[in-house]
1. Packing-wise, with mean Cβ within 10 Å as the measure, how do 85-93, 161-169, 115-123 rank, highest first?
2. Considering only Leu187, Leu44, Leu179, give the residue with the highest GNM mean-square fluctuation for the chain, with springs between Cα atoms whenever their separation is below 10 Å.
3. So, counting K/R as plus one and D/E as minus one, what does the shell of residues with Cβ under 15 Å around Ile231 add up to?
4. Using a cut-off of 14 Å between beta-carbons, work out the net charge of the residues near Met249 (Lys and Arg +1, Asp and Glu -1, Met249 not included).
5. Karplus couplings for the range 151-158 from phi (6.51 cos²θ - 1.76 cosθ + 1.60, θ = phi - 60°), rounded to Hz, Gly and Pro as x?
6. Whole-Hz ³J(HN,Hα) for each residue in the range 217-232, computed from phi via Karplus 6.51 cos²θ - 1.76 cosθ + 1.60 with θ = phi - 60°, x for glycine and proline: what do you get?
7. Name the residue from Ser71, Ala158, Leu92 whose Cα lies farthest towards the positive end of the charge dipole of the range 68-191, charges +1 on Cβ of Lys and Arg and -1 on Cβ of Asp and Glu.
8. What does the convex hull of the Cα atoms of the chain come to per residue, in Å³, rounded to a whole number?
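Taken together, the values in this text are just the output of simple stated rules run on the coordinates, not laboratory data. On a predicted model such as this, the values are computed, not experimentally measured, just so you know. FYI the Cβ positions are ideal-geometry reconstructions off the backbone, even for glycines, and counts take in every protein chain you see.
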Amino acid sequence: MTQQPLTYTKEALISRLKEIVKMGWIPNARHGNHGGIGNTLEDLLGIEENNLPIPNAAEWELKTQRLNSTSLTTLFHMEPSPRAIRFVPQILLPQYGWKHQEAGGKYQKNEMSFRQTIQANNRSDRGFKVVIDRSEQKLLISFDSSSVDIRHKSWLEAVKKRIGLDELNPQPYWGFDDLEHKAGTKLLNAFYVQAETKKENGKELYHYTKVMMLQKFSFEGFLKAMQEGLILVDFDARTGHNHGTKFRMRQNGLPFLYEKSTTLV
């Protein structure tokens, strides 16, 4: 007989999460896996990866994070427009990239890199910034050569030869409508679970201590979080591979994205 998949009502899921909090320290179920904090919780709930088996499950996500961590949580992947240009591999990498640190070793000697985590409230050390243009209803990527750190002087000279030092033209962007649809689809409602971590005898242990129920995604909250540098845009490309453009969030930022947050534990 085929085993029926486990299902929860929302109330039963909340009850089970509270039980898990009371369990105290729990070993990482996926040894050696950095994502073990989420995977271990999924195992304790008896569910497949981020597939919450509750009515209207498509409207709920399970989000986990380490407490007191500086690591960023990936919200979603989304390449900038105009997509036909393939901005990252065709423009940012060849024109604004730099020599990959493993060029000539792990990769071929002319391997280039474009890795930048950028935000709206200040420019990166290579002069990049997110600009929120409410009149045009766009998030834009901006470049200002005068903001480049002196450590990158030789890179800036290379950019000047390749393309010049003016603003990006055209500028990569995300339209508000597209962004709201993508974020709203991925982040409609969420159970947000945070855990303390420690190591004993080489094994990682988790204590799930904070549980919040976050309801109704707010795009205005999303834009405010971007403006305050809580959400960042992460480019990660090299000559051989574009790892994708991600929207990522700082620790404790998730509740700002919802109209209603309820602390359960």
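1. Highest-to-lowest ranking by the protection proxy: 85-93, 115-123, 161-169.
2. Per the Cα network of the chain with a 10 Å cutoff, Leu44 tops the list.
3. With Lys, Arg at +1 and Asp, Glu at -1, the net is +4.
4. Result for the local shell: +4.
5. These are the phi-based 3J(HN,Hα) values: 4, 9, 4, 5, 5, 4, 5, 5 Hz.
6. With the stated coefficients, the range 217-232 comes to 4, 10, 5, 4, x, 4, 5, 5, 5, 5, 4, 8, x, 7, 10, 10 Hz.
7. About the Cα centre, the residue reaching furthest to the positive side is Ala158.
8. That works out to 181 Å³ per residue.
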